[in-house]
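The values are calculated or read from the model by the stated rules, or taken from the named source; none is laboratory data. All figures in this text were calculated on a predicted structure; none of them were measured in a lab. Every residue, glycine among them, receives a Cβ derived from its backbone with ideal geometry; neighbour counts consider all protein chains shown. Note: areas computed on protein heavy atoms with side chains; ligands, DNA, RNA excluded. Shrake-Rupley method; radii C 1.70, N 1.55, O 1.52, S 1.80 Å.
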Amino acid sequence: MKTYFRVAPLALAISAGGAVAQSNDEAVAQMQQQLNSMQQQLNSVKNDRVRFNGFFSTGYSRASNDVGFTGVSEDSSVGDQSLLALQGTFDVTEKSQAVMQLVGRGYEDWEPVIEWAYLSHRPTNNLQLRAGKMRLPFFMYSDSLEVGYSQPWARPPQSVYGPIESTSYVGADATYTINLDNSAITTQAFTGFNDQNTRSATTEFRNLIGSTVSWTDYLWTVRAVAVTTEATVEATRLAERAASFGIQLPPGTTTLADSDRANFFGVGFSYDDGTWQVISEVTRSEVDGRFTDTDSAYISAGRRFGSWTPYLAIGWSETQDDDERTGEFLPTVPEAILNTRRDEYSVGTRWDITPGVAIKMDVTHVRGFEDAPGGLNQDYVLVNEKNSTNVYTLKLDSAF
Amino acid sequence: MKTRRTSLTVVLAALCLFVGGARAELVIIGHHGGPDTITPQQVKDIYLNRSSRLPDGQRVVAFQLPAGNSMRDEFNELITERNDAWLKSFWSRQVLTGKGHPPREVSSANSMKSVVSSTLGSIGYLDSTLVDDSVKVLLTPEP
């Protein structure tokens with residue numbers, strides 16, 4: 001009896017549905033639709049609060065000799081160009097989010113480093129405030145410096161991106177965007193400090209203040225940046241080398257800058273219509289005292305042919321205050337070893353194998369450094385009278 | 001004779017209309033609570049992270065079909081004017097610099113329709129032959 005009552009409505013439902021076959025189909029379609037939308041809503045709720053992204057690069061470079069451009073010599077290892085990063089974006093409220101990025105680099109034995117850790121807040125649609133650890137916005141690609149996948153090149157042009165090894169700071173910034181008719185102006189002001197151990201030095205920036213302004217019509221982008229800080233630079237690599245020769249350096253010998261005023265200026269433009277991509281930046285960094293003042297520039301052009309984007313890039317960098325470095329660190333080590341001058345010519349291609357993965361091939365020819373091989377393997381350059389080097393790179397970049 | 005020609009014309013016109021209506025055409029769709037129309041430029045701005053609002057001021061939630069879908073290719077050709085590789089690289093930069101997230105990807109045309117019909121402030125695109133009353137057609141982009 002009980003069973004009958006339970007079964008009856010079911011049978012009724014079935015017979016009612018069966019009576020009009022078409023409405024049955026419709027009902028199924030409707031249910032399917034409801035199910036889909038419920039599923040989507042579930043997904044969107046899940047996706048909204050926390051999002052994970054990341055990027056990965058690996059590659060191999062080899063140079064024609066041991067001049068050491070970007071640290072690449074005749075025998076390099078794959079680990080040097082490998083990195084893996086994970087980024088989490090957590091929506092705190094509708095207007096606030098927390099962002100954290102962990103980067104593990106092959107040349108740092110994959111020790112994860114927090115590259116980004118900041119809270120951002122949008123009080124209005126046009127204003128964004130951020131506080132925490134962020135990238136120093138020296139260059140157009142600073143924000144995505146290590147995201148090889150988002151860049152056209154195998155590596156950012158070293159003439160401009162190479163000399164400054166400090167890449168992040170702790171502080172706060174405010175970004176204001178003015179939307180015009182099919183164009184936008186973005187101004188950013190930032191302040192903070194930085195302590196960083198890089199491959200060749202430890203640097204400290206204190207009372208860092210800077211600003212960027214950029215305009216774009218989504219085809220052309222023009223950008224300007226100015227930064228001032230008090231810089232302290234300790235040449236750890238120089239000290240290590242001296243120590244390896246058993247030389248005890250007097251205190252202060254490897255201090256290249258000691259709370260000295262440092263300024264940075266840059267202008268850049270880019271053009272991207274989906275087919276052609278042209279990018280150029282010109283930068284100047286000035287540091288009081290014996291540390292280098294460097295002018296740099298590059299221009300690159302690429303064209304997309306389906307999944308292939310071949311490019312050409314030329315770059316130049318030169319220290320502007322060589323006449324100030326007349327002294328010596330040690331009797332046989334003149335200050336002039338910091339003098340730098342070189343020209344870089346790159347030809348390469350990006351190949352988008354599948355969305356999210358790109359392979360890049362690059363040949364970079366570097367020359368003109370024989371009189372001022374700063375930042376290169378100086379002993380080798382001088383002893384072997386080398387005046388050029390070729391660096392061959394094969395790289396795989398991915399973003400997910 | 002005159003009447004006959006007229007009726008022939010009508011039939012032809014109707015035929016044309018019918019054929020035109022049945023052709024898989026890209027349409028931009030939205031939630032019923034959203035604006036009635038949108039321009040191609042406004043759609044492009046939303047899908048290229050230049051705008052986060054619909055023309056009526058609502059916060060927008062944009063959806064896209066998966067890679068390989070013919071309507072997605074059509075949308076890229078007519079609206080964003082960028083190919084998938086460009087868009088992937090562009091969005092990776094936006095995401096990893098904290099500037100925004102790409103339009104949410106739905107698995108099929110059916111789920112596109114259901115998610116647009118059930119999400120306030122939604123915008124999406126679909127093959128015109130699959131559109132029904134659950135969503136509003138905001139724009140039919142001209143090739």
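Compute the Cα gyration tensor for chain A, then decide on rounded, prolate or oblate, letting a ≥ b ≥ c be the square roots of its eigenvalues: rounded whenever a/c is under 1.5, prolate when a/b is larger than b/c in the other cases, and oblate in all that remain. Prolate, because a/c is 1.5 or more and a/b exceeds b/c. Per-residue extension of 0.36 nm, minus the Cα-Cα distance of residue A:181 and residue A:49, leaves a gain of 44.3 nm for this segment.
Positive contributions from Lys and Arg (+1) and negative ones from Asp and Glu (-1), summed over other residues with Cβ under 13 Å from the Cβ of residue A:206, come out at -4. Counting only protein heavy atoms and using a 1.4 Å probe, the accessible area of residue A:176 comes to about 100 Å². With the simple spin-label model, which puts each label point 7 Å out from Cα in the Cβ direction, the residue A:378 to residue A:258 separation comes to 2.0 nm. Between residue B:36 and residue A:31, what FRET efficiency comes out of the Förster formula 1/(1 + (r/R0)^6) with R0 = 30 Å and r the beta carbon distance, rounded to 0.05? Efficiency for this residue pair is about 0.50.
When you restrict to C-alpha pairs under 8 Å that are six or more residues apart and normalise by the size of region A:348-390, the relative contact order lands at 35 percent.
What net charge is computed for the residues neighbouring residue B:36, neighbours being all others with C-beta under 10 Å from the C-beta of residue B:36, Lys and Arg scored +1, Asp and Glu -1? Its environment carries a net charge of 0.
Residue order by solvent-accessible surface for A:271, A:60 is A:60, A:271, largest first, with ligands and nucleic acids left out and a 1.4 Å probe. To the nearest 0.05, what FRET efficiency results for residue A:209 and residue A:117 with a Förster distance of 22 Å applied to their C-beta separation? Rounded to the nearest 0.05, the efficiency is 0.55.
Could you tell me which of rounded, prolate or oblate describes region B:103-143, using a ≥ b ≥ c as the square roots of the eigenvalues of the alpha-carbon gyration tensor, with rounded for a/c under 1.5 and, failing that, prolate when a/b is larger than b/c and oblate otherwise? It comes out rounded by the Cα gyration axes.
Only DSSP H runs of four or more residues enter the estimate; each adds -39500 (n - 2.57), and after division by the residues of chain A the mean residue ellipticity at 222 nm equals -5500 deg cm²/dmol. The figure for residue A:365 is an accessible area of roughly 50 square angstrom, using a 1.4 Å probe on the protein chains alone. Accessible-area rank, largest first, for A:386, B:113, B:99, A:360: B:99, A:386, B:113, A:360, with all protein chains present and a 1.4 angstrom probe. When you filter the trypsin sites (Lys or Arg not before Pro) in region A:141-228 for DSSP loop state and at most 15 other Cβ atoms inside 10 Å of their Cβ, you are left with A:199. Only Cα pairs under 8 Å and 6+ residues apart enter the sum, and on that basis the relative contact order of region B:24-139 stands at 50 percent.
Evaluated with a Cβ-only charge set (Lys, Arg +1; Asp, Glu -1), the protein assembly as shown carries a dipole of roughly 2800 debye about its Cα centre, given to the nearest 20.
Legend: residue pairs A:395/B:88; B:44/B:136; A:360/B:88; A:95/B:88, Cα-Cα distance threshold 20 Å; pairs beyond threshold, A:95/B:88. Once the Cα-Cα distance is subtracted from the 0.36 nm per residue extended length, the residue A:400 to residue A:305 segment shows a gain of 31.9 nm. Shielding value for B:80-91 is 6, the average number of Cβ atoms from other chains within 10 Å of each residue's Cβ. Fully extending the segment from residue A:62 to residue A:343, taken as 0.36 nm per residue of separation minus the present Cα-Cα distance, adds 99.3 nm. Find out how many positive minus negative residues lie around residue A:368, taking Lys and Arg as positive, Asp and Glu as negative, among other residues whose Cβ is under 15 Å from that of residue A:368. Net charge around residue A:368: -4. Peptide B:105-117 has a mean shielding of 4, counted as Cβ atoms of other protein chains within 10 Å of each residue's Cβ.
Mean sequence separation of contacting Cα pairs (under 8 Å, at least six apart), scaled by the length of chain A, corresponds to a relative contact order of 13 percent.
Oblate is the label for region B:24-139, because the ratio a/c of its alpha-carbon gyration tensor axes (a ≥ b ≥ c) is 1.5 or higher and a/b is not greater than b/c.
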